[in-house]
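Beneath this line is the structure, given in structure tokens, with notes to follow.
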Amino acid sequence: MRTLVFLLLLLCSFHTLAETLVFQTFYNNNVEKFGTAGNRIERKRIIKGTILGINEVKLYSIYLNSNFTIQDPDNDAYTIVQADGLEVPLSGADVELLGSFDIRYYTGNHTFTLSLYSDFIQTPFLKRGVSGLYQYKTTSSLSIFKIKAAYLHQQMPLDFYADDKFVLHQRASFIYGRSISIEWEQVISKSIRSSLLLAVRDRKNERPVHYGSEIKLATAINDQNFIHWNIAYYSEDPSKEILSERGYFTYERAGVEYVFEPFFEYLISISYNYTKETEDNPLFGSITQIGTDSYGLSGSFMLEWGELFFSSIYSMTNIDEQFINVSLGVKWDL
């Protein structure tokens, strides 16, 4: 409670310098359905939370942004395996408090951003991270070049897995995530914009390093109708050692989104994405492929006092798994 009071006082002290003080509340309901028709299992996870933040505090040529997220994590939806092989629900903090802080500096066509984030309350997945972003925009604003590097330190709950000989092994208690990406955005014409992303990422102690790329294309039909296309491919390095019972993964995605903006303040979009995940597991000598069709509907409505927004995604796999995600939120600009 004392931490929360301190954060509220800190935000209020910056309010006179900030362009916007943000108060946002959200509700997220995830439903997962799997199993056979005669033995259908449904698992739900509800996350409720509030975001307090300040946007665009200007100090000379430096801009500061800060957000604090307070949420109910609903960890009971997760299960872990104990040292005796028994699977039990995960227990942990009833409340999570995550803070983030951004520093952005402009000089000519160059932008430098440093971001920090951390959990303030002990949780089963306690995480801290830092990232740096450099952006160069041409004078004509037709081209933007970005390079980003990030580091993550995440605590993991005590958990075990069984190998091909049914021997239990403890999973990593800490994960060190590292990533670097390069992105190029290009305006091709008045109605077409594209981007190319190349990335290298890994989660040391958990997964092998993986490489990938994403291509996005945005087209404007007119002032109110837009179509966004995207494809992505990521693959783990098979020459690296696997550190659990899972094999090497390859991820492929292709999708399209239609955006309708009847007025500047209102936006509605519908989307479809197809993803294919392939797991090549040398430990068990198996190759598994899972294809997923995802359908999305989202919208946002700008009002004089803030914004209303929602999103929903329904996904279905080729092994008859279903996932439903519904998010609702309200944001006030104070």
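FYI, it's all coordinate maths here, none of it is from the lab. This is a predicted model, so every value here is computed, not measured. Cβ placement follows ideal geometry from the backbone for every residue including glycine, while neighbour counts extend to all protein chains displayed.
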> Residues with beta-carbon under 14 Å from that of Ile192, excluding Ile192: net charge, scoring Lys, Arg +1 and Asp, Glu -1?
Replying inline: +2
>> Quick check: the angle from helix 2-14's long axis to the longest principal axis of the chain, C-alpha only, nearest 10 degrees?
In response: 30
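List the chymotrypsin sites (Phe, Trp or Tyr not before Pro) within segment 204-272 that fall in a DSSP loop (any state other than H, G, I, E or B) and whose Cβ has at most 15 other Cβ atoms within 10 Å.
Qualifying residues, ordered by number: Phe264.
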> Got a sec? Charge dipole of the chain, +1 on Cβ for Lys and Arg, -1 for Asp and Glu; which of Leu198, Gln24, Gln170 is way out at the positive end?
Replying inline: Leu198
> Ranking Asp223, Asp202, Asp333 by Cβ neighbours within 10 Å, fewest first, what do you get?
Replying inline: Asp223, Asp333, Asp202
> Taking the Cα centre of the chain as the origin and placing charges on Cβ (Lys, Arg +1; Asp, Glu -1), which of Asn273, Leu243, Thr69 is farthest toward the positive end of the dipole?
Replying inline: Thr69
> Taking only the alpha carbons of the chain, what extent do you get along each of the three principal axes, in Å, biggest first?
Replying inline: 62, 52, 40
>> Taking amide H atoms as placed 1.01 Å from N in the peptide plane, list the residues 5 or more away in sequence, or in a different chain, whose amide H sits under 5 Å from that of Tyr78.
In response: Leu90
>> Compute, for the chain, the length of the dipole vector about the Cα centre, with Cβ point charges of +1 (Lys, Arg) and -1 (Asp, Glu) only. Units Debye, rounded to 20.
In response: 820
> With point charges of +1 on the Cβ of Lys and Arg and -1 on the Cβ of Asp and Glu, referenced to the Cα centre of the chain, which listed residue (Val95, Thr113, Ile313) lies farthest in the positive direction of the dipole?
Replying inline: Thr113
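Mind checking the full-extension length gain between Phe174 and Thr139? Use 0.36 nm per residue of separation minus the Cα-Cα distance, one decimal, nm.
Net length gain for the segment: 8.2 nm.
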> So how strong a dipole does segment 163-208 carry about its Cα centre when Lys and Arg Cβ are +1 and Asp and Glu Cβ are -1, to the nearest 20 debye?
Replying inline: 100
>> If you filter segment 198-265 for GluC sites (Glu not before Pro), then keep DSSP loop positions with at most 10 other Cβ within 10 Å, what is left?
In response: Glu241
> Counting other Cβ atoms within 10 Å of each Cβ, which trypsin sites (Lys or Arg not before Pro) in segment 166-233 have at most 15 and sit in a DSSP loop?
Replying inline: Lys190
>> For a Förster distance of 25 Å, can you work out the FRET efficiency between the beta-carbons of Ile227 and Asn205, rounded to the nearest 0.05?
In response: 0.05
